[in-house]
1. Could you tell me whether any residue of the range A:147-156 is under 21 Å from the mean Cα position of the chain (by Cα) and either within 14 Å of chain C (Cβ to nearest Cβ) or surrounded by 17 or more Cβ atoms within 10 Å (Cβ to Cβ) (or both)?
2. Quick test for you: out of B:Ser56, B:Ser73, pick the one residue that is more than 26 Å from the chain's Cα centre (by Cα) and closer than 26 Å to C:Thr210 by Cα.
3. Limited to the range A:178-194, what total is found for residues that are in a helix (DSSP H, G or I) and over 16 Å from A:Ser96 (Cβ atoms)?
4. Can you confirm whether A:Gly358 is within 14 Å of chain C (Cβ to nearest Cβ) and in contact (Cβ under 8 Å) with a residue 60 or more places away in the chain?
5. Quick check on the range A:292-306. Is at least one of its residues among the polar types (S, T, N, Q) and in contact (Cβ under 8 Å) with a residue 24 or more places away in the chain?
6. Can you tell me which of A:Arg328, A:Arg356 is of a type in the set (Lys, Arg), surrounded by fewer than 17 Cβ atoms within 10 Å (Cβ to Cβ) and at pLDDT 90 or above?
7. Please go through the range A:86-98 and give me each residue that is within 19 Å of B:Leu21 (Cα to Cα) and open to solvent by 20 Å² or more (accessible area, probe 1.4 Å), ordered by number.
Amino acid sequence: MHGQSMNFLFPNDVHIMWSLMIVLYPYITGLVAGAFIVGSLYHVFGRTELKPVSRLAMVASLSFLLVATLPLLAHLGHPERALNIVITPHFTSAMSAFGLIYAMYLALVVLEIWLIFRKEIVELAQRSTGPARAILKVVSLGVYDISEKAREVDHRVVKVLAALGIPAACILHGYVGFMFGSVKANAFWSTPLMPIIFLFSAVTSGIAMIIVLYETLTVVGGRKISGDCLQSLAGYLWLFATLTVTLEILEIVTLSYAQDEEWLVVGPLIKDKIAFSFIGIQMVFGSLIPFIMLAIIVTMKRYLTAGMRNVMTFVAASILLIQVFAMRWNVVIGGQIFSKSGIGFRENYVPELGSREGVAAALLIFIIPFVIMSVFNHFLPLAVEDGDTPAESH
Amino acid sequence: MEHTKHIWRAAILLVTVLVVLVVGRHFVIPKSFGEMGYYRYDALFEYMGKEMRHGSPNACADCHDEIAAAKASGKHAPVKCEVCHDTLATHVKDGEKYADMRINRSYELCAYCHQKLVGRPALVAQVDLLEHLELSPGQPIPAEACVQCHDAGMIHHPE
Amino acid sequence: MCERKEGNGYGRRDFLRMAATGAGGMALVMFGGGQALVSANTVKSTASDQLGPGGYDPTKHHYIYLVDVDKCIGCGSCVRACERENQVPRHFFRTWIERYQVSRSGEVFVDSPNGGHDGFQPSDTGADITKAFFVPKLCNHCENTPCVQLCPVGASFVSPDGLVLVDEKRCIGCSYCVQACPYGSRFIHPEKHVASKCTLCYHRLVRGETTACVQNCPTGARQLGDRKALHDRVSEIIATSKVHVLKPELHTEPQCQYLGLSREVR
């Protein structure tokens, strides 16, 4: 009785409103933004060593973007009214920007991929017959000009689009972070650091996903992994993971040091309620271990064989993918474990298996992008052979 | 500019899609949206149209004037009839009685107000239910324990 | 009322000028001026002529609510009345009562079993309770409300008479507003799958009646006022007494104010 009474929840506050799907949503948009940034490193900043993943990064970004709406639709009480968000977007709400940002980003990525693959599309169209030819003709917009000069135009436009894409990617994910950061009623979410943390962890997850995809695709395709490319990706991953984790720790340290009212719930929350997923998975397993592995890869590369490096990078990237998912989980679910009474905690949330917002549905949604990528790969190969020039930036 | 035909086609396509979306959006904005603010003003009138369940404060006196008059001078005067009974809508439809009014004789109903509680202001008479009924903890309280002594007459009329 | 768009909103001409700047202008209209776009094209001069039953004019009222903590006996009549009047689903609350028991050493015991719907039972905290009281809660109908601010589709709104309401036909059920309400006043209706909350019994107010909770409170702990009415009793009490609101640090400007509120109240 004694302890029970101290744990007081507002009577309407006993439900976790944002479930697994809302964990998945920022995770997927993070992968979209992060993968795009990898592509831009090549197309805009001329990191030529990243050429082998330049196509993969763009197509991965698109594939995840295409399913980004699904977790939201699975979550909404009235998915059939989802378009209200673009019909009457209420711009004082961070969430209302979704339709616009999504549409803008989709246009950008589709256009960029179209330009990158235009040569292949045209060649495929010329080889095909029947309805496939007609479809491909529409896809190529009826222009079969793949002369050197036309390709040169493509390259220039791709560079501009990729440059535009960087702020777009930042807005896309910054807005997702702001969606949480702007809820002033929630002690755990309401911090200006939230969009920045989301953004950096998005880039981290994007790079990690590209590493995993690249190594898998290359090994399965029986090709050789480019050492320069992987080494460079590992370096970027190290940088962004370090920045992400620093910000994540800073946020908690600031909250704890200020000893504001927020700490009354956030303290017990991370020390007890989500200790396993926050301290265990997100911080120790997810951050410390890959940090050490990547540090070894980056600083001691002369002592490592190519095989060791490839395996270590793969493992570190995989762990970081889990870390970022854990971070999304801890923010979304952790932020709802305590009641807005400020003195009560809910039961820990365990997602259902079979419901509309359950584990099975989430897994299904998460598999779709990989299906899209493999279908895409079947028609327009994602692997970049040396000598082949996909929208070379210089 | 040579060799830019495909870029122009893509640009035209994009602008067309944009215009279609921007223009198309107008046809699906609900009628009264934006009349008084960023919402559908008709929603307010939908709320207005909802049926009342509780009656007016003095609605019961329209038919039960004797009880109402007696109750008005009794200790339960501030307690509206519907608090202990049920809403008018369960009893009267279109000014006609269509179902019996609920009479709640349970001790729980009395206890809502009269159970002695730490923190309950002395605005109402309070008893410790178990003590008052001379029951020991764990013994069940008879369902109609209160009204066995304090009958409806006492509840409705001045004491 | 600042909600009125005829005078201070964007005019049709402004919209045309923006659109005339081409695709860039279009994007700008869509991105930054979405609200303007809507108001410019849907404002009717007859907007405020629309009246409710009995000629009720929403612009002529502004409701306020007052809770006198010292008068609440924790009987739960209000919670039950609200449930009956508004068909509130079981275990969800448009209004509820919290019980606070504070010990000499400052321990605070709070409970609200089933929102106070079934009354309160004697509770043994095992502590030396030196003060205890009941606090009725409901939607604060904040003037600067985060729930309306965060609604992505314009389904949550503040009415001309000062009520925070939900358009049940446009709500997409994202529950962002449930997250945004610092007071826990909102919930997602388990059958309708839209945000649901206290309407201050709007259907009763427009017929000149008071809310179900106020009407059925046996001690007058709950009172409803109208800021725009002449000689309004509640306005007078608020103007002359020491009143408090919940979570004032959030600057939500609640229209529901409390007499005798203690610092332990969350």
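The values are calculated or read from the model by the stated rules, or taken from the named source; none is laboratory data. Everything quoted here is computed from the prediction, not taken from an experiment. For neighbour counting, all protein chains shown are included, and Cβ atoms are generated from backbone atoms with ideal geometry for every residue, glycine included. Heads up: the accessible areas ignore ligands, DNA and RNA and are worked out on the full protein's heavy atoms, side chains in. Shrake-Rupley method; radii C 1.70, N 1.55, O 1.52, S 1.80 Å.
1. From the range A:147-156, those under 21 Å from the mean Cα position of the chain (by Cα) are none; that's our starting set.
Checking the range A:147-156: not a single residue is under 21 Å from the mean Cα position of the chain (by Cα) and either within 14 Å of chain C (Cβ to nearest Cβ) or surrounded by 17 or more Cβ atoms within 10 Å (Cβ to Cβ) (or both).
2. Numbers: B:Ser56 fails: more than 26 Å from the chain's Cα centre (by Cα).
After ruling out the rest, the residue left standing is B:Ser73.
3. Residues of the range A:178-194 that are in a helix (DSSP H, G or I), as a first pass: A:178-181, A:193-194.
Going one step further and asking which of them are over 16 Å from A:Ser96 (Cβ atoms), we end up with A:193-194.
Qualifying residue count for the region: 2.
4. Numbers: within 14 Å of chain C (Cβ to nearest Cβ): no; in contact (Cβ under 8 Å) with a residue 60 or more places away in the chain: yes.
No, not satisfied.
5. Taking the range A:292-306 first, the residues among the polar types (S, T, N, Q) are A:299, A:305.
From what's left, in contact (Cβ under 8 Å) with a residue 24 or more places away in the chain: none.
No, the conditions are met nowhere in the range A:292-306.
6. Of A:Arg328, A:Arg356, the one residue that is of a type in the set (Lys, Arg), surrounded by fewer than 17 Cβ atoms within 10 Å (Cβ to Cβ) and at pLDDT 90 or above is A:Arg356.
7. Here is the first cut: in the range A:86-98, the ones within 19 Å of B:Leu21 (Cα to Cα) are A:86-91, A:96-98.
Those that are within 19 Å of B:Leu21 (Cα to Cα) and open to solvent by 20 Å² or more (accessible area, probe 1.4 Å): A:Val86, A:Ile87, A:Phe91, A:Phe98.
Here's the yes/no breakdown for (1) more than 19 Å from B:Ala72 (Cβ to Cβ); (2) out of contact with any Phe, Trp or Tyr (no Cβ under 9 Å at 6 or more places or on another chain); (3) of a type in the set (Gly, Ala, Ser); (4) in the same structural domain as B:Ala68 (by TED's automatic domain parsing):
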| residue | (1), (2), (3), (4) |
| --- | --- |
| B:Gly119 | yes, no, yes, no |
| B:Gln126 | yes, yes, no, no |
| B:Pro140 | yes, yes, no, no |
| B:His156 | no, yes, no, no |
